[in-house]
Amino acid sequence: QVQLVESGGGLVQPGGSLRLSCAASGSIFSPDAMGWYRQTPGKTRQLVASITSGGSTDYADSVKGRFTISRDNAKNTVYLQMNTLKPEDTAVYYCFLSIVAGDYWGQGTQVTVSS
């Protein structure tokens, strides 16, 4: 059984910053990619950023230059530093982990960017 626990969401003003964390625990063998998706009502879940166990990263065009993903392999934890936040970044952010046994998801954390 694999569990992902997210933290760090909340309400922030435009231009502000937040840092999301996601810690994975359980039977984790050969972890590969970790990262974040986000979803707004009525829309499909979209990739925000991902990072492989080797440190290769991928970002959605809309967050490049503002968001930074990082990872602590020893702790099976992934982070998302979000700077210069915009109202359009408002969404539920979901952490994911890809391992040989399959893909696992966190419960989601709400990020709201509003004045």
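Quick look at the numbers
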item	result
Modelled FRET efficiency - R0 25 Å, Ala74 with Thr112, Cβ distances, 0.05 increments	0.20
Average Cα contact separation per residue, the range 9-115, under 8 Å, 6 or more apart, as relative contact order %	38 percent
Residue of Ala60, Ala33, Ala24 that the Gaussian network model of the chain assigns the largest fluctuation, springs spanning Cα pairs under 10 Å	Ala60
Solvent-accessible ranking of Asp72, Asp103, largest area first, probe 1.4 Å	Asp103, Asp72
Residues of the range 67-115: accessible area per residue with a 1.4 Å probe, Å²	47 Å²
Candidate lysines - alpha carbon under 22 Å from Lys64, same-chain residues fewer than 8 apart omitted	Lys43, Lys86
Once exposed loop trypsin sites (Lys or Arg not before Pro) are cut out (DSSP; at most 12 other Cβ, 10 Å), longest piece of the chain	65-115
Size of charge dipole - the range 1-83 - debye, nearest 20, with Cβ of Lys, Arg +1 and Asp, Glu -1, no other charges	200 debye
Under 14 Å from the Cα of Lys75 - aspartates and glutamates, other chains or at least 8 residues apart	Glu6, Asp32
For the chain, built as a Gaussian network whose Cα springs stay under 10 Å, the top-fluctuating residue of Pro31, Pro41, Pro14	Pro41
Carbon + sulfur, % of accessible area of the range 23-86 - ligands and nucleic acids excluded, 1.4 Å	46 percent
Around Gln81: net Lys/Arg minus Asp/Glu count, Cβ-Cβ under 11 Å	+2
Cβ-defined net charge surrounding Ser62, 11 Å radius [Lys, Arg +1; Asp, Glu -1]	+1
Gain on full stretching of the segment that runs from Leu11 to Gln39 - 0.36 nm per residue minus C-alpha separation	8.5 nm
Residue-span extension gain [Ile28 to Asp103] - 0.36 nm each, minus C-alpha spacing	25.9 nm
With all protein chains modelled, accessible area of Tyr79 [1.4 Å, Å²]	40 Å²
Separation of the Arg66 and Ser53 label points, Cα + 7 Å toward Cβ, nm	3.3 nm
Phi-based couplings in Hz for the range 81-93 (Karplus 6.51, -1.76, 1.60; Gly and Pro marked x)	8, 10, 10, 6, 5, 10, x, 6, 7, 4, 4, 8, 9
GNM top mover of Gly42, Gly55, Gly16 - the chain, alpha-carbon springs below 10 Å	Gly42
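The values are calculated or read from the model by the stated rules, or taken from the named source; none is laboratory data. Remember, predicted model here, so these are calculated numbers, not experimental data. Backbone-built Cβ (ideal geometry, glycine too); neighbour counts: all protein chains shown. Side chains are part of the model used for accessible areas, which takes the heavy atoms of the whole protein and leaves out ligands, DNA and RNA. Shrake-Rupley method; radii C 1.70, N 1.55, O 1.52, S 1.80 Å.
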